[in-house]
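Trainee: I am attaching a structure below and will ask some questions about it afterwards.
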Amino acid sequence: MPNSARVLLSVCLLVCAVLVTAGTALAQDPLELVKEGRKLEQAGQLEEGLALYRKAVAANPKLFDAQLALGRALDLAGDLPGGRRALQEALSVADDANNDADVRRVVDQLDLRELASADVRTLSGGERQRVAVATALLQGAPLLLLDEPASHLDLAHQQLLVELLRSHADGGGAVVASLHDLNLAWDLASHAVLLDGRGGVCAGAKEVVMTPVRLAAAFGVGVDQVEVCGRRRFWVGPPALRDEERP
């Protein structure tokens, strides 16, 4: 095993050991249970995390974070009915006038208020995606790691998402997102890492990384940029010809 891999494996094992120790001595404060449950889940210990989420919900059924965490974890564990029930309860809690101000703010910013009384089984893919983003924001973590956060969202809700994530970053947080939509990536990012799928990588300020030449080389299509209403937009053309295909 290369030295770098050995070091990474050691660090992962050390983190897992610390998290297990912390979980066994955890106080019964519901918010702390949720926080420690997330740590266990992120360390690959889903069942242990689920146990803490259940304790948090039992201690305070009206805790939004606990219901959302429980619903997402149950979904991951394959208990879809249980996940739906917990998510439904979380949406109902969000509609409570006495709910936490941060919850109300995020629910309103992501246009989720009208879904509080909806049957979760009727939610569209975009609505579920907005609930997932709300869950991430309400964890209170300074760093958000998001995989295609705008998938299934219509144009209006994509714009809402960009504004909310930029606000999170402007408030001292950080957002790392994987995206294939060039325009969305440009609107969201201050810096970018471009992977070409062949082992090549370019990283830096978005103005340096997201140039038509680099994007075209990475994606294998023609790319150009235009200014529309003072904003940079990318135009994607047909696939670039390989040298042997050129006339």
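The values are calculated or read from the model by the stated rules, or taken from the named source; none is laboratory data. It should be emphasised that the depicted structure is a prediction, and the values quoted were computed from it without experimental measurement. Glycine also receives a Cβ, built like all others from the backbone with ideal geometry; neighbour counts cover every protein chain displayed. The accessibility values were calculated without ligands, DNA or RNA, using every heavy atom of the protein model including side chains. Shrake-Rupley method; radii C 1.70, N 1.55, O 1.52, S 1.80 Å.
Trainee: For the list (1) open to solvent by 40 Å² or more (accessible area, probe 1.4 Å); (2) modelled with pLDDT of 85 or more; (3) within 28 Å of the chain's Cα centre (by Cα), I need the number of the one condition that V226 fails.
Mentor: The failed condition is (3).
Trainee: Confirm whether D111 is at positive phi, at pLDDT below 80, open to solvent by 50 Å² or more (accessible area, probe 1.4 Å) and over 13 Å from the mean Cα position of the chain (by Cα). Before the answer, list the steps.
Mentor: Numbers: at positive phi: yes; at pLDDT below 80: yes; open to solvent by 50 Å² or more (accessible area, probe 1.4 Å): yes; over 13 Å from the mean Cα position of the chain (by Cα): yes.
Taking the combined requirement at face value, the residue satisfies it.
Trainee: K206 passes all but one of (1) open to solvent by 80 Å² or more (accessible area, probe 1.4 Å); (2) among the basic types (K, R); (3) touching a strand residue (DSSP E or B) at 6+ places or on another chain (Cβ under 9 Å); which number fails?
Mentor: It is condition (1) that K206 fails.
Trainee: Just to be sure, is A97 out of contact with any strand residue (DSSP E or B) (no Cβ under 6 Å at 6 or more places or on another chain) and either at pLDDT 80 or above or part of a helix (DSSP H, G or I) (or both)?
Mentor: On the way: out of contact with any strand residue (DSSP E or B) (no Cβ under 6 Å at 6 or more places or on another chain): yes; either at pLDDT 80 or above or part of a helix (DSSP H, G or I) (or both): no.
No; evaluated as a whole, the condition is false for this residue.
Trainee: Here's something else I'd like to know. Considering only segment 128-142, I want to know if a residue exists there that is open to solvent by 20 Å² or more (accessible area, probe 1.4 Å), at pLDDT 85 or above and basic (K, R).
Mentor: no
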